[in-house]
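The values are calculated or read from the model by the stated rules, or taken from the named source; none is laboratory data. Here the structure is a predicted model, which means the values were calculated and not measured. Heads up, the Cβs are rebuilt from the backbone with ideal geometry, glycines too, and the neighbour counts pull from every protein chain shown. SASA here: full protein model, heavy atoms, side chains in, ligands and nucleic acids out. Shrake-Rupley method; radii C 1.70, N 1.55, O 1.52, S 1.80 Å.
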Amino acid sequence: MVLKTNYNLNGGYILKKYTRIAYLVIIVLILLFGFFVYKVSGKNSTDGDVKEKSLSEIKYLESKFLNLFNQLNNINFENYTISATKISEEQSEKQSSSSSGKSGSSGSGKGQGGQSENGQSSESSQSSEDSSKEDNKQYELQESGVLTQNSEINWKQIKNDVENIYVSLYPTTLDLYQTASNKEDIVNFNKEYDNLTKAVKDENKEETLKELSRLYDYLPKFIENCASEEKDKTIIKTKNNIFKAYSILEQEDWGAMSEYVNNAIQEFTKIVTDFNNQEKGNQYNINKTYIMINELQNAIALNDKEVFLIKYKNLLEELQNM
């Protein structure tokens, strides 16, 4: 009887011991699983942040490239520009003398204090006159379009813009190395940008357009792994084909331009036939843009640069707002 009791006690002790070990094993497994889930979710979150940042940087570069493309033909989305015209010396003197006369008459009927005020107004009048002589210009808002624009390229502004882009190019390169599938594309992209800088320095319009088109051709590749919306990928691919056509406008290679615009039409058709966009109420703007791309093809059939630029400007403005 005593032996049986001792056996039960020993068996109970052993059972409790193994139960505790089992609990410890379960707790360790739970902790390990939780740590694994945390690491995986943390990595996914970090990857998402990098992709989002890269997408933002690519869109920034895209907007800068678009602006450079437009500057080479003095194209502005705004329909008005501020113009400055010089005022003749006679007009300037009349304005200053009229101002001096008003100041003198206002202080003539006053006493000693009035004389002091008159002296101060004379100094102010003299200062105003000196200032007007330094900058005798009149500013006004003028309507501007493709057919009435200035044909002279502002190379100084373009050179400043190209140089300033280098500042944002370095962090963009670092982020692209984490998202781009082909690292060699990043190296070649930076080399092409140096070629663009050289073309701009030489003020070579045809070469600058060519290098800009080569640079923009990398953006659809970079955005492929960053953008979650297929619409973003399609729009930038559509623009890429339009810029390819635009970049050879000076050469008047209408056949090649027509092929590029056809590619743009085929690319944009993906958005036209996407029912998700129809549900969001964007179908009107999508159909409008589709018609505008086809109108660009009609401009090529005319073999007319200015008509092409008018339709190019309207189309790019519409694509920027999508």
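Can you give me the three principal axis dimensions of the range 146-220 from its C-alpha atoms, in Å, biggest first?
Cα extents, longest axis first: 46, 21, 21 Å.
Classify the range 170-267: rounded, prolate or oblate, from the alpha-carbon gyration tensor (a ≥ b ≥ c, eigenvalue square roots; a/c under 1.5 rounded; otherwise prolate if a/b is larger than b/c)?
oblate
Taking amide H positions as placed in the peptide plane 1.01 Å from N, state which residues far from residue 72 in sequence (5 or more) or on other chains have amide H under 5 Å from it.
none
For the ranges 171-184, 256-269, what's the packing order if you count other beta-carbon atoms within 10 Å of each residue, average per peptide, and put the highest first?
Final packing ranking: 256-269, 171-184.
A 18 angstrom limit on the alpha carbon distance is what I want to check against. Which of 64/305; 244/311; 64/237 exceed it?
The answer is 64/305.
Relative to the present Cα-Cα distance, how much length would full extension add between residue 303 and residue 153 at 0.36 nm per residue of separation? Show your work: numbers first, answer last.
On the way: separation 150, 0.36 × 150 = 54.00 nm, distance 2.28 nm.
Taking residue 303 through residue 153 to full extension adds about 51.7 nm, to one decimal.
Taking θ as phi - 60°, what are the ³J(HN,Hα) couplings along the range 249-266 by the Karplus curve (6.51, -1.76, 1.60), each to the nearest whole Hz, with x for Gly and Pro?
Result, rounded to whole Hz: 4, 4, 7, 6, 8, 5, x, 5, 4, 5, 5, 5, 5, 4, 4, 5, 4, 4.
Charges at C-beta only: +1 for Lys and Arg, -1 for Asp and Glu. How large is the resulting dipole of the range 144-237 about its Cα centre, in Debye rounded to 20?
Magnitude of the dipole: close to 40 debye.
Averaged per residue, what accessible surface does the range 157-313 expose to a 1.4 Å probe, in Å²?
49 Å²
Quick one: 3J(HN,Hα) in Hz for the range 172-177, Karplus 6.51/-1.76/1.60 with θ = phi - 60°, rounded, Gly and Pro as x.
After applying 6.51 cos²θ - 1.76 cosθ + 1.60, I find 4, 4, 4, 6, 5, 4 Hz.
What accessible area, in Å² to the nearest ten, does a 1.4 Å probe give for residue 191?
120 Å²
May I ask you to derive the FRET efficiency for residue 163 and residue 31 from their Cβ-Cβ distance with R0 = 56 Å, giving the value to the nearest 0.05?
On the way: r = 54 Å, r/R0 = 0.97.
The pair residue 163/residue 31 has a calculated efficiency of 0.55.
Which number comes out as Rg/Rh for the range 186-322 once both Rg and the Kirkwood Rh are worked out on C-alpha atoms?
0.99
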